[in-house]
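Comments concern the structure below.
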Amino acid sequence: MTCVWVILAGYLIGSLSAAIPISRWWSGRDIRTLGDANAGTANVARHLGIKPAALVAIVDIAKGGIAILVARALSAPEACMVLAGMAAMLGHRFPLYFRFRGGRGLATTLGALLALVPRQMLMALPLYGMIYLGSGGSGILATLLAFPVLMLLIYWDGYDAWIVAAPLILAFTTAVCSLPEVLARWQKTRDARRLLFDLLHPRVTAVPKVTTVVITDSVASLPPELCQREGIHLLPMALILPQGVVQDGMGIDTREYYQRLRSDGLLPKTSAPAPGEYLQAIRRLVAPDQVALILTPPAELTQCFFSANLAAQMAAEEGLQARVVDTRLAGPAQGLLALAVARLAAGGASAEQIIEALPALIPRIGIVGVLDTLSFIAHSGRVNAINSLLGSALRLHPVLSLHQGHIRLEGVERTRRKAVERMVEWLQKHLGGKITALICFHADAPEEGQALYQRLVELLQPREHYLTELTPVIGAHAGPGVLGAAWWLSDE
């Protein structure tokens, strides 16, 4: 029974990931979105720098060592100590507390071996370190060459067979856990020599300085965790209700709000952020050597563009830099452009370089949706494309798209089911090529939104995919029951 407890303890200790919280604290981003998406010391070093990587390494090595020390303190057999170290490595690889997405476990493996056979490990570590540094950070090559030497040192000192085999057991477990990642890379390259070279000699790149701060508004309807992970700052629009003005998505019960739209005939108004709100955001987020890039919906649809421009002028008087871009997009499509821009910024692109890239990027992003009612969009007066439908006595369900600032009527059906089918057919017809990211969205229709999301992910096979609910401000114009999708096409 002691063996079971030490293995469980090892796994729970290993699940205490250091890379994820440290990367969020250090840069505001999840390390699993950078580089090779590995929540480990090497990836942190390559993309965030040596200092946070050193903190991660200390914790990761300590986890493996603590697992062994706990087993030893409980007088567990040597085999159980080795299994406890393996469990710590598995916990690091599949952390219970972080949705089972962790790192490869090499640092945790080294920590376990350091606690298990400290003298022999200290003798082998210089060799491991020289190979690791000489190969540009290849833990695989260092393990392949240094661990056999470590096993010989352990064997010569007369240790039990389990202890002698410990480096092999831990290395083999790490390799098996890495197979899905290796297979995924093989699917991309189909080049055995290139794959082997990449594994044995990783490319180390300098950490680019982020000089562009991405700001957009709540109309983007991006999931909060995605904004936090990618460094996208959302400025809330205002929702004008009978009881007063509230910020979009804040201080309001979304379910109750949509219920009132359906049953009480509520027709709320909306307002763009004031210039002062944009200015406050620029002051809060932008350093003197940075530039705020503010992304707005089309100027024909909101006052965001004009408010942001005025704020940029006021910021310039204070020595702060801001550029404003009319994205010609709205809703989650605007959010996908913000995502693309944030990733360019994270890669070191300047605001000017990003703006130069937009004419090629914006046409690859679009949005389409089905309305459940015409009353809200008719009340907003913002969409001329549906004017021909407003006099009909029938309850119609239009399929609308927004592409490069133009709202188009792509079709109309008498039933919601047929309208959704028409939208899906339209997506299959018009979205040729690979899809970098897809966002499915709904307004107070979670079950239908989930069904559409699962269907489109299966049909379109996007690299990234998200499901989100439109904010109350968009609901004020499009009405409850909206279903749709936004896409970002690859340039490949």
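The values are calculated or read from the model by the stated rules, or taken from the named source; none is laboratory data. Keep in mind that what you see is a predicted model, and the values were worked out from it rather than measured. Cβ coordinates were reconstructed from backbone atoms using ideal geometry, including for glycine residues, and neighbour counts include every protein chain displayed.
Just checking, which of Ser23, Ser17 is in a helix (DSSP H, G or I), crowded, with 17+ Cβ neighbours inside 10 Å and modelled with pLDDT under 85?
Within the list Ser23, Ser17, the selection yields Ser23.
Only one of these is out of contact with any helix residue (DSSP H, G or I) (no Cβ under 8 Å at 6 or more places or on another chain), without any contact (Cβ under 8 Å) to a residue 40 or more places away in the chain and within 20 Å of Ala486 (Cα to Cα): Pro359, Pro363. Name it.
Of Pro359, Pro363, the one residue that is out of contact with any helix residue (DSSP H, G or I) (no Cβ under 8 Å at 6 or more places or on another chain), without any contact (Cβ under 8 Å) to a residue 40 or more places away in the chain and within 20 Å of Ala486 (Cα to Cα) is Pro359.
If you take the residues in the stretch 278-328 that are among the β-branched types (Val, Ile, Thr) and closer than 12 Å to Val214 by Cα, which one is surrounded by the most Cβ atoms within 10 Å (Cβ to Cβ)?
Only one residue tops the list, namely Thr296.
Given the conditions (1) farther than 30 Å from His465 by Cβ; (2) part of a loop (DSSP other than H, G, I, E, B); (3) at pLDDT 90 or above, which single one is not true for Gly265?
Failed condition: (3).
List pairs: first residue in the stretch 120-144 and under 14 Å from Arg104 (Cβ atoms), second residue among the β-branched types (Val, Ile, Thr) anywhere in the structure, Cβ distance under 8 angstrom, at least six positions apart or on different chains.
Gly137/Val204; Ser138/Ile131; Leu141/Ile131; Ala142/Ile131; Thr143/Thr174
When only residues in the stretch 229-252 that are at pLDDT below 80 and under 23 Å from Gly335 (Cβ atoms) count, which is nearest to the chain's Cα centre (by Cα)?
Only one residue fits best here, namely Arg229.
Could you list, in sequence order, all residues of the stretch 111-154 that are outside any helix (DSSP H, G or I) and either hydroxyl-bearing (Ser, Thr, Tyr) or at positive phi (or both)?
Scanning the stretch 111-154 gives Ser135, Gly136, Gly137, Ser138.
For the stretch 407-431, name all the residues that are closer than 17 Å to Trp488 by Cα and either charged (D, E, K, R) or without any contact (Cβ under 8 Å) to a residue 40 or more places away in the chain (or both).
Residues satisfying the conditions are Val424, Gln428, Lys429, His430.
Among the residues of the stretch 6-17, which ones are closer than 13 Å to Arg72 by Cβ and of a type outside the set (A, V, I, L, M)?
Correct list: Gly10 only.
With respect to Ala333, is the statement that it is part of a helix (DSSP H, G or I), farther than 23 Å from Thr471 by Cβ and not acidic (Asp, Glu) true?
No.
Looking at the stretch 53-62, is at least one residue farther than 27 Å from Leu144 by Cα and acidic (Asp, Glu)?
Looking for residues that are farther than 27 Å from Leu144 by Cα and acidic (Asp, Glu), one finds none in the stretch 53-62, hence no.
Can you name the condition, by its number, that Ala76 falls short on among (1) modelled with pLDDT of 85 or more; (2) part of a helix (DSSP H, G or I)?
If we test Ala76 against (1) modelled with pLDDT of 85 or more; (2) part of a helix (DSSP H, G or I), just (2) comes out false.
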